[in-house]
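Each value in this text was obtained by applying a stated rule to the coordinates, not by laboratory testing. The model shown is predicted, which means the values in this text are computed figures rather than measured ones. Glycine gets a Cβ as well: all are built from the backbone with ideal geometry, and neighbour counts include every protein chain shown.
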Amino acid sequence: MSDIFGRSNGASPWLTVQIDHQFAHGATGFSLHIAFETRARRMVVFGPSGSGKSSLLRAIAGLLKPDAGKIQIGSRIIWLKHPGSPATETPVERRRVGLVMQNQAVFPHLNVLRNVAFALRGMDAATQKEKALRLLKLVEAESLADRWPRELSGGQLQRVAVARTLAADPAVLLLDEPFAALDAQGRQQLSENLHTWATEHAIPILTVTHNLEEAFAAGDEVLTMKEGRILGQGKPCEVLATERDRLLFAMGVSSTN
Amino acid sequence: MDTAALLLTLRLALITTSILLAIAIPLAYWLAFTRSRWKTPIQAICSLPLVLPPTVLGFYLLVGLGPRTALGRGISHLLGHPLAFSFAGLVVGSVLYSFPFAVQPLTAGFAAVDGSLLEAAATLGSGPLDRIRRVILPLARGSLLTAAVLSFAHTVGEFGVVLMIGGNLPGITQTLSIALYDQVQDFQYAQANRTALFLLAICFLALTLVYSQRRKNGSVKSSGSSGLV
Amino acid sequence: MLLLCAALCPALLVAQDKTLLIAAAADLQPVLPKFVSNFEKNTGLQVKASYESSATLATQILNGAPFDLFLAANRAFPQKVIDAGLAVEPQPITYARGILVLWARSNILQSPLTMQSLTAASVHRIAVANPVHAPYGTAAMAAIRSLGLTAILQPKLVFAENIAQTAEFGHSGNAECALISKTIAMTPAMQQTGSFIIVPADTYPPLKQGAVILRNAANRQAAIDFLAYMQSNDGRNLLSASGLEPPVRDR
């Protein structure tokens, strides 16, 4: 199966990232220094809060402009900057990077249907509605179509945000703790639906999470981060072994590795 | 009451408000989102008419843009007549005079739009103009109304500038506030009272409109779930 | 600091008492300063003049403005003050006769300059004082009417609030011609930018400029003295030199 850029899976990385960024000046500032590439179509970035995971996603989406580095999706270089010189970049609105943020940012002045249809341009109202409803069904929120964001719970808003991002026809999907407001069952169902959809459309997904269970479930490859640096990259059972052991130990179950 | 003066005043206020909104919306967008170091001086310039005596403004329009200066001659050439004693002159004066009443509410309204909504719109493929049209303006609707109503009311009440450059031509530059002044000068106090009350009523109506819609829209904020994660 | 204020206060009060406040028509703006400085030198009193259109001044006085002496550009406005019971005499005292002139910017019109020149195509705007507020404006409109030029000139007229603003419209170039007082036409600023002719006196009712001393004047004696000075021989000479005609001697 070849990816959307015409290359067969595994031949070359779909994501290449190199970022050097200083968030605040001085000794107390937080800095991000990472470099990695991946061929895994389902990728997870795992780490505690404050490790820079969200910043990584924001940089790929174009919402954060690092001091220096390079970000490449497939063969498309969407960001390139050498220190001291101006950046070469694709503007945010043209990167086709779907990003579902932690704060959902659902538009308060549009109802659910129109939120989801926001990115559906150049088609008549009927087609728009049909496409939007289909995506709402995927996230199991079809019944919410005529509701308004202020009436919805956190979990419902998250579903809407996901559907809205999918409607924009992204080339890659970045999910930042997307299922945090859902219960375990909802999380699992939505995750499955999403991954099925992504596989169907040959869209790679990168999920950021600090939830161990989710990390195991959502990724073929895991990148662990801490304090703005990469700790490890590899298969979940290898990279997350210590984490898993610690969790099991805390639950009173001995390691059976 | 003088119908000609009333119609003239309303026409002036409407045209001035339309021009002001057209200029102020992009300017407010820049002021709300820029990080340029020119932001502060430009904001100060935009607010200047708030403290500038209208007669000073009128004076500079009369002399500085009159036929004795190169700039004034250029304007004459463009318009076909000098700026003074013309409706166009009043429009120019009113736009300058009511400028801050359009720019300030709009800038505040734009800046109050949740930044994460604009980020989301951008990732969904929405460019700057599209974001203004589909996210910022709808959410800043209240400020748009405030800007429009205040500019309108302020122009209706304008006197100093018109006095300096109007020439008091009925139907062309004799606005309601000038008519009021004339009536007082002519000791026609009863008529003056009627005109004054009418002007007062317009201002009151304008302010009521502004404050009522403020209360209505007070709770429109971004609907991100709070505190989860 | 407080002591300083306390010391100054009586001095200020005294100074205020001794300041003669004159409400003066706008055409007197180039004229009065000479009178004022001479008067101040001779009497040691302070004089302050406010220059506005006669209508504005009358309105202010009727609403309680604390002037001592009202020098208007006609007799009708002072009469209003008398009718309101605010003046000392039963009639205004004519202190001067105004002279209406036609002023034109240099290089606009062929000489010789006449009232007929106003009909030329090169004259787009003629500045006139508002006939309701300013007696010179009334005179100007009367002159235009009596010369049969109303229909042709009406579209060109622009109205200023007082005679000083009328002149400013001409001086700034926004109007090519202006019907103003001779007093203002004779000022350096107007002489430098244009020239003038006297409008024939038979085309408008005489501009008898009237004065009243106000009943509530804080400095009634000073007002009386100032008016007397204006009517003295020296005063009359000074008036002539400034562009006003001394009143006909009726005593």
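With the Cα gyration tensor of chain B in hand, convert its eigenvalues to equivalent ellipsoid semi-axes via √(5λ) and list them largest first in whole Å. Each step should come with its number before you reach the end.
Details: eigenvalues 284, 104, 35 Å².
In descending order the semi-axes read 38, 23, 13 Å.
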Along the charge dipole of chain C, Cβ charges K/R +1 and D/E -1, which of C:49, C:158, C:81 sits furthest on the positive end? C:158
Give me B:38, B:30, A:14 ranked fewest to most by other Cβ atoms within 10 Å of their Cβ, as a rough exposure proxy. B:38, B:30, A:14
Going from the alpha-carbon gyration tensor of chain A, what semi-axes, largest first and in whole Å, does one get by taking the root of 5 times each eigenvalue? 29, 24, 18
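In debye, nearest 20: dipole of segment C:100-203 around its Cα centre with unit charges on the Cβ of K, R (+) and D, E (-)? Display every interim value, and only then the final one.
Values: 5 positive and 4 negative charges, 22 e Å.
The calculated dipole for segment C:100-203 is roughly 100 debye.
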Estimated 222 nm signal from helices in chain B, with DSSP H stretches of n ≥ 4 weighted -39500 (n - 2.57), rounded to 500: -22000 deg cm²/dmol
In Hz, Karplus ³J(HN,Hα) per residue of segment A:74-87 (6.51, -1.76, 1.60; θ = phi - 60°; x = Gly, Pro): x, 9, 8, 7, 9, 7, 8, 8, 9, x, x, 10, x, 8
For chain A, set up a Gaussian network in which alpha carbons nearer than 10 Å are linked by springs, and say which option among A:232, A:155, A:29 fluctuates the most. A:29
Alpha carbon convex hull of segment B:1-64, volume per residue in cubic angstrom: 125 Å³
Please work out the Cα center distance from segment A:220-252 to segment A:50-110, rounded to the nearest Å. 25 Å
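At a 10 Å Cβ-Cβ cut-off, how would you order C:75, B:37, fewest neighbours first? Could you put the intermediate results ahead of the total?
On the way: C:75 19, B:37 7.
Neighbour counts put them in this order, fewest first: B:37, C:75.
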Cα-Cα over 19 Å: which of C:80/C:208; C:80/C:182; C:18/C:41; A:53/A:226? C:80/C:182
For residue C:94, other-chain or 5+-apart residues with amide H closer than 5 Å (H placed, Pro excluded) are C:211
GNM, chain B, Cα, under 10 Å: largest mean-square fluctuation among B:120, B:148, B:44? B:120
Which residue, B:51, B:118, C:198, has the largest displacement toward the positive end of the dipole of the protein assembly as shown when charges sit on each Cβ (Lys, Arg +1; Asp, Glu -1)? C:198
List the trypsin sites (Lys or Arg not before Pro) within segment B:114-221 that fall in a DSSP loop (any state other than H, G, I, E or B) and whose Cβ has at most 16 other Cβ atoms within 10 Å. B:221
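For peptide C:167-179, how many partner chain Cβ atoms fall within 10 Å of a residue's Cβ, on average?
Numbers: counts 0, 5, 7, 0, 3, 13, 11, 16, 6, 1, 0, 0, 0.
What the average comes to for C:167-179 is 5.
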38 Å tail of the calculated P(r), the protein assembly as shown, as % of Cα pairs: 58 percent
Cross-link reach from residue A:137 to lysines, straight Cα distance under 24 Å and at least 8 residues apart if same chain, gives A:129
By Cβ neighbour count within 10 Å, fewest first, A:244, C:215 rank C:215, A:244
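Averaged over its residues, how many other protein chain Cβ atoms are within 10 Å of peptide B:62-71's Cβ atoms?
Numbers: counts 6, 5, 1, 2, 7, 7, 6, 2, 0, 0.
Counting Cβ atoms of other protein chains within 10 Å of each residue's Cβ and averaging gives 4.
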Relative contact order of segment C:100-203, defined on C-alpha pairs under 8 angstrom at six or more residues apart (%): 44 percent
Computed log₁₀ I(q)/I(0) - Debye formula, equal Cα scatterers, no solvent, segment A:92-135, q 0.21, 0.29, 0.32 Å⁻¹: -0.83, -1.14, -1.16
Over the C-alpha atoms of segment C:100-203, what are the Rg and the largest Cα-to-Cα span, Dmax, in Å? 11.9, 33
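What percent does the relative contact order of chain C come to when contacts are Cα pairs within less than 8 Å and at least six residues apart?
28 percent
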Highest-MSF residue in chain B out of B:132, B:165, B:45 [GNM, Cα springs under 10 Å]: B:45
Using alpha carbons only, how many angstrom separate the centre of segment A:144-183 from the centre of segment B:75-126? 36 Å
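Using unit Cβ charges (K, R positive; D, E negative) and no other charged atoms, how large, in debye to the nearest 20, is the dipole of segment A:1-159 about its Cα centre? Kindly include the intermediate steps, with their values, before the conclusion.
Details: 22 positive and 12 negative charges, 52 e Å.
Magnitude of the dipole: close to 240 debye.
Once you charge only the Cβ atoms, +1 for Lys and Arg and -1 for Asp and Glu, what is the size of the charge dipole of chain C about its Cα centre, to the nearest 20 debye? Kindly include the intermediate steps, with their values, before the conclusion.
Numbers: 18 positive and 15 negative charges, 45 e Å.
My answer is approximately 220 debye.
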Give the average, rounded to an integer, of partner chain Cβ atoms located within 10 angstrom of each Cβ in B:122-133. 6
